[in-house]
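Worksheet for the structure shown next.
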Amino acid sequence: MNSFWNKKEENNRFTYNFSSFKKVSIIAVLMTSLTINMGFAKEHTKENLNKIYHVYVGNDYIGAVSDENAIQEVITSKEKEASQQFKELSMDASSSVKIIPEQVFTNETKDADTLSKLKQSLVAKSDAFTILVNHKPVVSLKNTEAYEKTVQLLKLQYISQPELDKLAKNQSTNNLPELQAGESRLLDISFKQDVSGISQKVTPTQILTPEQAVNYLMTGYLEQDSYKIQSGDVLGSVAKKHNLTTSELLALNPDVTVDTVLQVGQELNVTVAKPFVNLEVKKKKKVADVIPFKKVVEEDPTMYKGEKVIKQEGANGKKETTYALTSENGKQTAKVAVEEKVIQEPVDQIEVVGTKVISSRGTGEFSWPAVGGYISSGMGERWGAFHRGIDIARPSNYNILAADNGVVSAAGTSGTYGNRIVINHNNGYTTLYGHLSSINVEVGQVVEKGSVIGIMGSTGNSTGTHLHFEVEKNGSLVNPLSYVGR
């Protein structure tokens, strides 16, 4: 019995031990298999992962390449090519390029296509200084030195270099001498717009010289457009062709006037300036101005109407005026007198005029038209021609007197008469007084019989000082000796 149960217990122990052994063996096998698989995976990653390089130009994707050095070679080639064309500029083609590497299992890049596309997309740029007008980029220059020169050249379009130098000197001192008459002083020159600049990279073709930049900023064009005159062209037709008025065309061509005869082949500027900047110049100028004298008229009832006497000669005064002058792009926009100082007061001219009214109708009886004298030549045939009146010579003085009341109908030079006066006596008679040295009356003036109307002389066709005197009645010549007595 005991042996039976001892044998059964031994058999059970064997079964338990065999099961344990079986489990340990299975685990060992599994662990071995896992170790082999992990080793295999590790070896596969190390051997098959590759690095490729994605290329962007700006925000544009170009493609991927397997060799980063090939990208750099394209960039270097582009910079070298641009440097040969723009030798004075430093070129940069890499600033817009982004390279993003990536680890991949398979390498399927198309290097040749990507590099070709990169070369076409790349634009070599250069460092520049861009002028901003009201915060908007307008024109680019090589550097800040070119910017400073451009600003200076813009100012020199409207002021001189000595003025600019003197302005800089004056702005550093507060003790400026007083302006003298005829002198001016530049106070300021500035842009009407907000003009500034920023450093940035641009394509080299955008970079202008200071001279080109000035022309562009002043006109809105790099080059002026011109038109060659053709047969049949006139100013009006040329202006109309270019949407201009004739006055605008003339303003663009200062050497041309409305009277200019246009020549075939002649070139006219037809570019209307549209400036990006406007320069305002402020100056102070002192000038010596004239204060015109006043004319004062005094009436004298004892003098005949029409008679005038200068009682006091007038004299202009003098003053110094200081003006504030403002101009824009060379055209004056304001002139304000800020100070005025009288140097010499003007003197009034006083003229006395007669108010005594006399009859303009003659009496019909003529008085001797001179102060004494004798008849040196009578009316009639003389030297192969007809002498229309009488000549009176060698008077006591040279005053010429009106032979009767009347109105002056002519006073001035007239052919062989020289200086002559004609009086209409408003009764059918007229008298003429010739060869005068001076005339004291004017057309329309009423004269009284015996009043002085001029001075005897020898003007016109005359051989000596004398008075030529004629009388007409109802338009026909009559002999003066029949009407005048001594």
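What pairs come up if the first residue lies in region 364-392 and is on the phi > 0 side of the Ramachandran plot and buried (at least 16 other Cβ atoms within 10 Å of the Cβ), the second is not β-branched (Val, Ile, Thr) and not in a loop (DSSP other than H, G, I, E, B), and their beta carbons are under 9 Å apart, counting only those six or more places apart or on different chains?
Gly373/Ala393; Gly373/His466; Gly373/Leu467
Within the group Ala402, Ala393, which residue is more than 30 Å from Ile310 (Cα to Cα), at pLDDT 95 or above and touching a strand residue (DSSP E or B) at 6+ places or on another chain (Cβ under 8 Å)?
It is Ala393.
Which condition number does Lys241 fail, the rest of (1) under 18 Å from the mean Cα position of the chain (by Cα); (2) closer than 30 Å to Val138 by Cα being met?
Failing condition for Lys241: (1).
Within the bounds of region 317-338, is there any residue that is within 30 Å of Ser190 (Cβ to Cβ), in contact (Cβ under 8 Å) with a residue 12 or more places away in the chain and outside any strand (DSSP E or B)?
yes
Determine which single condition Asn427 fails, assuming it passes every other condition in (1) touching a helix residue (DSSP H, G or I) at 6+ places or on another chain (Cβ under 9 Å); (2) in a loop (DSSP other than H, G, I, E, B).
Status for Asn427: all satisfied but (1).
Can you tell which of Ala112, Ala146, Ala181, Ala124 is touching a Pro at 6+ places or on another chain (Cβ under 7 Å) and surrounded by 10 or more Cβ atoms within 10 Å (Cβ to Cβ)?
Among Ala112, Ala146, Ala181, Ala124, only Ala146 is touching a Pro at 6+ places or on another chain (Cβ under 7 Å) and surrounded by 10 or more Cβ atoms within 10 Å (Cβ to Cβ).
Give region 220-239 a look and list any residue that's in contact with a helix residue (DSSP H, G or I) (Cβ under 9 Å, 6 or more places away or on another chain) and assigned to a helix (DSSP H, G or I), or say none.
Leu235, Gly236, Val238, Ala239
Among all residue pairs at least 6 apart or on different chains, which show Cβ distances below 7 Å where the first residue, located in region 179-203, is in the same structural domain as Val138 (by TED's automatic domain parsing) and under 27 Å from Lys125 (Cβ atoms) and the second is surrounded by 12 or more Cβ atoms within 10 Å (Cβ to Cβ) and among the aromatic types (Phe, Trp, Tyr)?
Close Cβ pairs satisfying both conditions: Gly197/Phe129; Gly197/Tyr147; Ser199/Phe129.
So which residues in region 415-441 are touching a Leu at 6+ places or on another chain (Cβ under 9 Å) and of a type outside the set (A, V, I, L, M, F, W, C), if there are any at all?
Passing the criteria: Tyr417, Gly418, Asn419, Arg420, Tyr433, Gly434, His435.
The values are calculated or read from the model by the stated rules, or taken from the named source; none is laboratory data. Not measured: the values here are computed from a predicted model. Don't worry about glycine lacking a Cβ; one is built from the backbone with ideal geometry, like all the others, and counts go over all protein chains shown.
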